[in-house]
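Before any comments, here is the structure.
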Amino acid sequence: MAPVVGVIMGASGTGKSTVAGLLAHRLGWPSAEGDDFHSAANVAKMHAGHPLTDADRWPWLRTVAAWIGEREAAGTGGIVTCSALKRSYRDLLRDGHPDVRFVCLVGDRDLIRQRMEHRTDHFMPPSLLDSQLATLEPLQPDEPGGVVDVGGPASQTLDQAVAILAAPTALHPTVAPNNSPTP
Ligand SMILES: Nc1ncnc2c1ncn2[C@@H]1O[C@H](COP(=O)(O)OP(=O)(O)OP(=O)(O)O)[C@@H](O)[C@H]1O
Ligand SMILES: [Mg+2]
């Protein structure tokens, strides 16, 4: 399979870390958590309970894009998690990076909320889910990648994500997120 760089995106709790881990294992590609690239200042702000502004996010997104560029240069392929909820964030991530493929994870709100509540490895307030779903700008047809509904078992999500990354040309999104903003 040709190496590409998969950006595993979507709202909190949709399974980005889970799917990224499975993908990296299946494909043998290096992987990273986008959140690990935050500056100390951003981390301190988040720990203090203050939401990040877009101005806080741009330098962070550029470091994620730099990681993508390194993977492209090395030709190893790669998998990185990043919620990438807005089109403008995604445009920054793929600017100058032709190997980027977005895998947008979506799912029924109540199911995702339930999964978040049962998560034991880390805590994100489930209340965050609604604001993230409201912020999510669905993947558009001219963006490279595709959408996966995470309603089934993780193995099924994994297979669909692999299919998106393996597609010779960009796929168009196939599933509309539940909470698409109404025009
Ligand atoms: N089909 C599936 N795909 C992905 N995750 C699933 C699936 N079924 C169950 N899960 C569970 O859903 C939870 C998803 O949480 P995960 O931490 O991977 O989400 P996340 O998007 O990385 O969240 P955050 O943005 O808060 O880091 C995990 O407990 C995972 O085991
Ligand atoms: Mg995660």
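Summing charges over all other residues whose Cβ lies under 10 Å from the Cβ of A161, with Lys and Arg as +1 and Asp and Glu as -1, gives +1.
For the pair M1 and A166, label points projected 7 Å from Cα toward Cβ lie 0.6 nm apart.
Farthest towards the positive end of the charge dipole of the range 5-166, among the residues S88, V5, A55, is the Cα of A55, using unit charges on the Cβ of Lys, Arg, Asp and Glu. Contact order, relative form, for the chain: 31 percent (alpha carbon pairs under 8 Å, 6 or more residues apart, mean separation divided by residue count). Computed from backbone phi with θ = phi - 60° and the Karplus coefficients 6.51, -1.76 and 1.60, the 3J(HN,Hα) list for the range 93-109 is 5, 9, 4, x, 10, x, 8, 5, 10, 8, 10, 9, 8, 9, x, 4, 4 Hz; x is used for glycine and proline.
Residues I79, I164, I8, arranged from fewest to most other Cβ atoms within 10 angstrom of their Cβ, appear as I164, I79, I8. Using bins of 5 Å that start at zero, the share of Cα-Cα pairs per bin across the chain amounts to 1, 8, 18, 22, 22, 16, 9, 3, 0, in whole %.
Calculated mean residue ellipticity, 222 nm, the chain: -13500 deg cm²/dmol, from DSSP H runs (n ≥ 4) at -39500 (n - 2.57) each, averaged per residue and rounded to 500. Highest mean first, the peptides 55-63, 117-125 sorted by other C-beta atoms within 10 Å per residue fall in the order 55-63, 117-125.
Residue by residue, the range 147-154 carries 3J(HN,Hα) couplings of 10, 10, 7, 8, x, x, x, 4 Hz when phi is fed to the Karplus relation 6.51 cos²θ - 1.76 cosθ + 1.60 (θ = phi - 60°); x denotes Gly or Pro. Taking the Cα centre of the chain as origin and assigning +1 to Lys and Arg Cβ atoms and -1 to Asp and Glu Cβ atoms, the resulting dipole is close to 80 debye. Extending 7 Å from Cα along the Cβ direction at D36 and again at D91 yields two label points whose distance is 3.0 nm. Across the range 69-85, rounded Karplus estimates of 3J(HN,Hα) from the backbone phi angles (6.51 cos²θ - 1.76 cosθ + 1.60, θ = phi - 60°) give x, 5, 5, 4, 5, 7, x, 8, x, x, 9, 9, 8, 6, 4, 6, 5 Hz, Gly and Pro being marked x.
Coordinate-derived values only; no laboratory data. Not measured: the values here are computed from a predicted model. With ideal geometry, Cβ positions are generated from the backbone for all residues, glycine too; neighbour counts draw on all protein chains shown.
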